[in-house]
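Derivation of every value follows stated rules applied to the coordinates shown; laboratory data play no part. As the structure is a prediction and not an experimental result, all values here were calculated from the model. FYI the Cβ positions are ideal-geometry reconstructions off the backbone, even for glycines, and counts take in every protein chain you see.
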Amino acid sequence: MPILKLTAEIIRKPLVKPFAIATGSRDYQDVLYVTLSDGQYLGRGAATGVKYLGLTPDICLQQVKEIQHALKTTITRQELLTLLPPTGARFAIDSALWELEAARQNTTVATLLGINPKPVKTAFTIVLDTPEAMADQARAEAWRPLLKVKLGGSTQHEIERIHAVRNAAPKAQLVIDANAAWTGEQFSAYAPTIAELGYDLLEQPFAIGQDNQLADYAHSLPLCADESFQDLHDLDRAAKYYDAVNIKLDKCGGLTAALDIEKAARERGLKIFIGCMLAPTQAIAPAFLLAQKADYVDLDGPFWFTDKDKQVRLTDQGLFDVIPQELWGTGQKL
């Protein structure tokens, strides 16, 4: 069997502006980049990990190095599922294996999946700030078809934020992400207003493990699990309390696992939200393929980086245009 050569490194990438959510703010993102080569072809992958689980890019890099010996011979994507838990490390390697397979067959990952990619409606993030500042953000981005509003700030101003963004972007489709920051009392106070103002969806109001507070909720406002939903093992519990699940490849460990999750979620009557961590194009491109059949999409990651790939663009209608497959999806012949 061919000997596989693996490279892995972390690159710090600056953002165009601070990214602020309930858990903090940052102006850069560390990204794990991986390549796999068999001497003739090369596959690429990238990931940023899941910070709230302690899976930083540094930890992901360590996980890659710990299984490097097992990657010296050709392995399948299914075998990779047993080598690593669902982490950014597995995501990056899984992506590289998909590209390697496509390169060997002189085709694309999209073709392997039977997908003809088309532009998708992606959310653009309105970061957490004062009501006035969030209104300014929303007003500037109101031409986009979908905005994702980060909440979880001070109780005193939360309702003001909810009203301010809706007033600033009256025609945009809006979803709220509370980033697991609310109490039951806050949820009860805010949810009716969110529904009345025509917001489409609310993501993750409570911290992990507190979903049972939703047991008696009538779901007048659709709810989506994010932090409470990592991978296939969380699906049945999520289905008890939520209307949708947010599938992120950094959480579930890559495209291979995500395909199984998407199928299982649909079988349970759940809607599909394809999201991302703050990640560049190479980590977003696999999710873009999965997003083709999604109900909601939030893949604005590449647009937050100062060195955004020039080929990554929005259409005149504000849709995320098809990512050129040379950026990820074809692999490379050496």
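Short-range pairs are left out: with C-alpha atoms under 8 Å and at least six residues apart, the relative contact order of the range 28-170 is 20 percent. Taking amide H atoms as placed 1.01 Å from N in the peptide plane, the amide H of F305 lies under 5 Å from those of V16, each 5 or more residues away in sequence or on another chain. Remark: relative contact order (the chain) = 21 percent; criterion is Cα-Cα distance under 8 angstrom and separation of 6 or more residues.
When the chain is treated as a Gaussian network with alpha carbon springs shorter than 10 Å, the biggest mean-square fluctuation among G301, G198, G39 belongs to G39.
Of the trypsin sites (Lys or Arg not before Pro) found in the range 143-192, those that fall in a DSSP loop while having at most 12 other beta-carbon atoms within 10 Å are K171.
Be a star and scan the range 12-34 for residues whose amide nitrogen sits under 15 Å from the point 7 Å along the Cα-to-Cβ vector of K308. The answer is 14-19. Using a simple spin-label model with pseudo-atoms 7 Å out from Cα toward Cβ, H157 and E132 lie 0.9 nm apart.
Take every pair of alpha-carbon atoms less than 8 Å apart whose residues are at least six positions apart; their mean separation over the length of the range 227-292 yields a relative contact order of 32 percent. Under a 5 Å amide H cut-off, with hydrogens placed 1.01 Å from N, I126 pairs with K148, V149, K150 among residues at least 5 apart or on other chains.
3J(HN,Hα) couplings calculated from phi for the range 2-13 with the Karplus curve 6.51 cos²θ - 1.76 cosθ + 1.60 (θ = phi - 60°) are, in sequence order, x, 7, 8, 9, 10, 10, 8, 8, 10, 10, 8, 10 Hz; Gly and Pro show x. Pairs with C-alpha atoms separated by more than 29 Å, drawn from the list K121/K308; K310/K333; K17/K248, do not occur.
Multiplying the residue separation of A195 and D236 by 0.36 nm and removing their Cα-Cα distance gives an extension gain of 12.2 nm.
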